[in-house]
Amino acid sequence: MRKYKMALCLAVGVFTAAFVFFIESSNEAKLIAIISALIVIMVLNRGNSIYAKATKIIARKNPAELPKAISMMERALDTGCSENNTVIAATLVLQHGNADKAARYLEEMTSSSSKNIRSAAKLSLSMYYWMIRDLDKAIALAEDVRKEKTKSANLYVNLCTYYLAKGDRKSFRRTLSDAFKNDSTSVPLIDLQAVYYMTGSDYEKAGAMIEKLFSQMDPSYPDPYIHYAYIYLHYGHVRDSIRMLKDSLYSSFTNTSLLQSSEIEEMIEGLENPATRLKWVDAINSDRMLALKSNLPKIRKVEVERCTDDILPGYPEMPDFKNDYVLKSEEDESLESEKTDVSTELNADDEAWLKSHSES
């Protein structure tokens, strides 16, 4: 339907130009034809106009205006806009609005004649299936994009996330290795390496990797902060965990996150409250796969004592994550067998990724 609108706009423009320049008629008739054509084109392009207004609101980076911008993106989708704008709008709506509606429009775009549009739509649609926990479908869509020889940091980030969530650590390592070979490393991939160690209960390496990341920049999206918060709680450091969770709330505007802002705030409130602090610490530490889930931990209905300790007794002593020996030590055998270079150095691609996301 969208391509028909564009074709119709072109046909109206061509017909009007032919009438004005090649058909003898009065000036009044030509003026009426031009005005009528402009009105028709404006009506047909109303979705693109709404989309453009929404992007201007997003550019102001005012969190209070984000719901309005997302609502306008939904209207743009319903009204109809270009294929490129449809994929971008649907992706934003997927992350911040009606995910089911966004998925319908992304599904439509997976049949586009444009490889770039088709690939972008499939990659975003894979996020929808990740959200509803259909990992096989998410992986299939992302692998389709890879088969089309599309290479991007986001593709590898998505695939690594899906494989790790599925517990397919071998495919995770191979995909990560493929990303390095194609110079598609990015900050999220470095973060995912830390998550790899977290899900394998190697919190020392996970903490050292994220600390190295934070020592080089302040990540411009929430997940590294959330993951660092979980690492701190593994060692019973509640105050540092709360600090990281609060920082995550201010790390981005439109970038997607494992958790919604309201969920992060709920977690902070639970950890700050002396009556519930131990419940939240227990819930977070009881699920080592939590770093890959887009939901809060399950709080057990048990009686706990009030607690105001910022560092809880009885937990492992927290290592010095700034000590490079942790990452320079012999790598995990399974990683070594895949010849995967676990690098924490940021290159020009990483800086470009950060710049583009800080300006989004």
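What follows is calculated from the coordinates using simple rules that are stated; it is not laboratory data. As the structure is a computational prediction, the values presented were derived from the model and not from experiment. For neighbour counting, all protein chains shown are included, and Cβ atoms are generated from backbone atoms with ideal geometry for every residue, glycine included.
Full extension of the chain segment joining ASP78 with ALA275 gains 66.2 nm, where the gain is 0.36 nm per residue of separation less the Cα-Cα distance. Applying 1/(1 + (r/R0)^6) with R0 = 51 Å to the Cβ-Cβ distance of LYS56 and ASN323 gives a FRET efficiency near 0.60.
A P(r) calculated from all alpha carbon pairs of the range 135-195, with 10 Å bins opening at zero, reads 25, 61, 14 percent.
The residues MET131, MET267, MET73, MET198, when put in order of fewest to most other Cβ atoms within 10 Å, stand as MET131, MET267, MET198, MET73. Sorted ascending by nearby beta carbons within 10 Å, beginning with the fewest, THR199, THR86, THR91 become THR199, THR91, THR86.
Once you divide the Cα radius of gyration of the range 100-232 by 2.2 N^0.38 Å, the number left is 1.09. Considering only alpha-carbon pairs that sit under 8 angstrom and 6 or more positions apart, the relative contact order computed for the range 101-250 is 12 percent. Plainly put, the range 84-148 has a radius of gyration that is 0.94 times its Kirkwood radius, both from alpha-carbon atoms, as the Rg/Rh ratio. Ordering ASP178, ASP309 from the fewest to the most neighbouring beta carbons within 10 Å gives ASP309, ASP178. In this entry, the range 220-284 is assigned a mean projected area of 3.8 nm², taken as a quarter of its C-alpha convex hull surface.
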